[in-house]
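S.K.: So that we are looking at the same thing, I have put the structure below in structure tokens.
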Amino acid sequence: MTGPAPIPVRTDPVARARAAAARRVMEQVLRRVEVDLRSEEEQHRHASGGTDGAAAPVGRPAVVLHEPERFYARLGASHKVAVGEGYTEGDWSPAPGHDLAAVLLPFAQRLGDGLPRPLRALRHLADQALPRSTRNTLDGSRRNIEAHYDLSNEMFAAFLDASMTYSCALFDEDAPWHDQTLEDAQLRKVDAVLDRAGVQEGSRLLEIGTGWGTLAVRAAERGAQVRTITLSGEQAAWAEKRVAEAGLADRVEVRVQDYREVEGEFDAVVSVEMVEAVGEEFWPTYFGTIDARLAPGGTAVVQAITLPHDRYLSTRNTYGWIQKYVFPGGALPSLDAMERTCTAHTSLGLREVHVFGQHYAETLRRWRTSFGEAWPRIAGLGFDERFRRIWEFYLAYCQAGFTAGTIDVGQVVLRRPVRGPVAAG
């Protein structure tokens, strides 16, 4: 499995001019971002104790550029895709002894001002638009979800904890995190979602986005009647097996179904890191469906990865590396955008937001460690070296973003009024 084809490296005059411009922009970025960029020759001198290495600031992250011409050609062609592709295609790598997430962190920390102001104003001219082929229509959503979540249950099981939970964990902030297992932190997150949604004995619960069934089982153990939906056949099969093994088949119904096709009334609706796969075009439908499915006075909890509102506005229609290689059709909302969508299209009122982005940085750090340790097992499932580099970059890139605070995660509590109109789904 190799993933999408990389950007073709062109050498025509226009491409060479764009590559030269990209090199000049990178030089300006590196004046502001505390990362050393070394050629292979400079890295060799550094490793040998030469003057170049001796002059470098102690502890400063460093990158080795193996194929500079190829890298700048990619950067000139698509600046939001090129850095990740440059890593996966071997154009660059962290210098020996340097962690990939640590190398990416300074860029994430200067995301807003890494470019000089005049260049920031022109950045949108180089952005690529979202391809219409990844729109989250009924058919498109199924294709987009299958592209990621149906890779292999065994692959995910190789690096996730025993709960098979693939979303941000919630650590106990009153105890050292290194003393806490990831499984315990994941179950703490699930319980927080269920608590905020008021799920208890006899509750009718709709879960949008099954994952591998942890939340559905946990809710059923409280005595709730659960309907959980997913578009991933792989996940549904795993979840059904877990439900049966837990002896909860009479309380949990697992369906392969789109959220737009759900009928019925529920006391609570929960959706953990699924709104990111909906697409901005369909946010009104997504939140409208939650509104329509909730009983009067019911509560919904949406755990969402979010952007600051200004960054959401500047990136909302652009195509990046994550969308090409990891989550086709994905789009991160801001909290403001979610609230405005609910106000304009539903009767839902935002009651509470609990944010915990640094917990995601720690979750991702642990996933990266587990993924690396499990690589021989994952490779044995048929995944190749390029897949490994794609996932290494994906996990490190996200870890850097959460550590820097350029992306966040939160549990958003929404309430449907006891009386009043409900927007159509």
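S.K.: Lys and Arg at +1, Asp and Glu at -1: add these up for the other residues within a Cβ distance under 14 Å of GLN200 and post the number.
M.R.: Details: positive: ARG196, ARG204, ARG218, ARG222, ARG251; negative: ASP191, ASP195, GLU201, GLU221, ASP267.
Residues near GLN200 contribute 0 overall.
S.K.: Using a 1.4 angstrom probe with every protein chain in place, what is the largest-first accessible-area order of SER271, SER347? Show your work: numbers first, answer last.
M.R.: Working: SER271 0, SER347 30 Å².
Reading off the accessible areas and sorting them downward yields SER347, SER271.
S.K.: Could you tell me whether the stretch 249-350 comes out rounded, prolate or oblate from its Cα gyration tensor? Rule is a ≥ b ≥ c as square roots of the eigenvalues, rounded for a/c under 1.5, then prolate if a/b exceeds b/c, otherwise oblate.
M.R.: It comes out oblate by the Cα gyration axes.
S.K.: In Å², and per residue, what accessible area does the stretch 320-371 have when probed at 1.4 Å with the other protein chains present?
M.R.: Value for the stretch 320-371: 39 Å² per residue.
S.K.: Report, to one decimal in Å, the Kirkwood hydrodynamic radius for the chain based on all distinct Cα pairs.
M.R.: Averaging 1/r across every pair of different Cα atoms and inverting gives 22.9 Å.
S.K.: For the chain, what is the calculated [θ] at 222 nm in deg cm²/dmol (nearest 500), taking -39500 (n - 2.57) for each run of four or more DSSP H residues and dividing by its residue count? Display every interim value, and only then the final one.
M.R.: Details: 18 runs with 202 residues, N = 425.
Calculated from helices alone, the mean residue ellipticity at 222 nm is -14500 deg cm²/dmol.
S.K.: Distance from a point 7 Å along Cα→Cβ of ARG377 to each backbone N in the stretch 217-249: keep the residues under 19 Å and list them by number.
M.R.: 235, 238-239, 242
S.K.: In the chain, what % of DSSP beta bridges are antiparallel (nearest 5)?
M.R.: Working: 18 of 41 bridges.
For the chain, the DSSP antiparallel bridge percentage is about 45.
S.K.: Give me the percent relative contact order of the stretch 283-424, please, defined on Cα pairs under 8 angstrom at least 6 residues apart.
M.R.: 48 percent
S.K.: Calculate the spin-label point distance for ALA249 paired with GLU385, positioning each point 7 Å from the Cα along the beta-carbon direction, and give it in nanometres.
M.R.: Taking the simple label geometry, GLU385 and ALA249 are separated by 4.7 nm.
S.K.: In nm, what is the difference between 0.36 nm times the number of residues separating GLU265 and GLU281 and their Cα-Cα distance?
M.R.: Numbers: separation 16, 0.36 × 16 = 5.76 nm, distance 2.49 nm.
Length gained between GLU265 and GLU281: 3.3 nm.
S.K.: Which of rounded, prolate, oblate describes the stretch 291-425, given a ≥ b ≥ c as roots of the alpha-carbon gyration tensor eigenvalues and a/c under 1.5 marking rounded, otherwise prolate only if a/b is larger than b/c?
M.R.: prolate
S.K.: Can you find, among ILE407, THR315, ALA185, the residue farthest towards the positive end of the dipole of the chain? Put +1 on the C-beta of Lys and Arg, -1 on that of Asp and Glu.
M.R.: THR315
S.K.: Also, I was wondering about something else. Quick one: what Rg and Dmax do you get for the stretch 122-224 from the alpha carbons, in Å?
M.R.: Using the Cα atoms of the stretch 122-224, the pair Rg, Dmax is 18.0, 56 Å.
S.K.: May I ask you to compute the full-extension gain from GLN225 to ARG45, defined as 0.36 nm times their residue separation minus their alpha-carbon distance, rounded to one decimal in nm?
M.R.: Extending this stretch completely gives an extra 58.3 nm.
S.K.: Please give the length that would be gained between VAL353 and HIS148 if that part of the chain were fully extended, namely 0.36 nm times their separation in residues minus their C-alpha to C-alpha distance (nm, one decimal).
M.R.: My answer for the length gained is 71.0 nm.
S.K.: Ok, one more. Can you tell me the relative contact order of the stretch 135-277? Whole percent, Cα pairs under 8 Å, sequence separation 6 or more.
M.R.: Value for the stretch 135-277: 26 percent.
S.K.: Another question, if that's okay. Nearest 10 degrees, 0 to 90: what angle lies between the long axis of helix 385-404 and the longest principal axis of the chain (Cα atoms)?
M.R.: It is inclined by approximately 80 degrees.
S.K.: A further question on this structure: Nearest 0.05, what FRET efficiency do ARG16 and ARG311 give at R0 = 56 Å with Cβ-Cβ as r?
M.R.: FRET efficiency, ARG16 to ARG311: 0.95.
S.K.: In degrees, nearest 10, range 0 to 90: what is the angle between the Cα axis of helix 13-32 and the longest Cα principal axis of the chain?
M.R.: 80 degrees
S.K.: Pick from GLY329, GLY357, GLY97: which is most flexible by mean-square fluctuation in a GNM of the chain where alpha carbon atoms under 10 Å apart are linked?
M.R.: GLY97
S.K.: Among GLY84, LEU65, LEU130, whose Cα sits farthest toward the positive end of the charge dipole of the chain (+1 at Cβ of Lys/Arg, -1 at Cβ of Asp/Glu, about the Cα centre)?
M.R.: It is LEU130, whose Cα lies furthest towards the positive end.
S.K.: For a Förster distance of 30 Å, can you work out the FRET efficiency between the beta-carbons of ALA295 and SER370, rounded to the nearest 0.05?
M.R.: E(calc), rounded to 0.05, equals 0.15.
S.K.: Return a whole-number percent for the relative contact order of the chain, with Cα pairs under 8 Å and 6 or more residues apart as the contact set.
M.R.: Working: 762 pairs, mean separation 77.9, N = 425.
After rounding, I find 18 percent.
S.K.: Same structure again: Return the carbon/sulfur percentage of the accessible area of the chain, one whole number, probe 1.4 Å, all protein chains in place.
M.R.: The C+S portion of the solvent-accessible surface of the chain is 51 percent.
The values are calculated or read from the model by the stated rules, or taken from the named source; none is laboratory data. Computed from a prediction, not measured in an experiment: that's the story for all the values here. For neighbour counting, all protein chains shown are included, and Cβ atoms are generated from backbone atoms with ideal geometry for every residue, glycine included. With ligands, DNA and RNA removed, areas are computed over all heavy atoms of the protein, side chains included. Shrake-Rupley method; radii C 1.70, N 1.55, O 1.52, S 1.80 Å.
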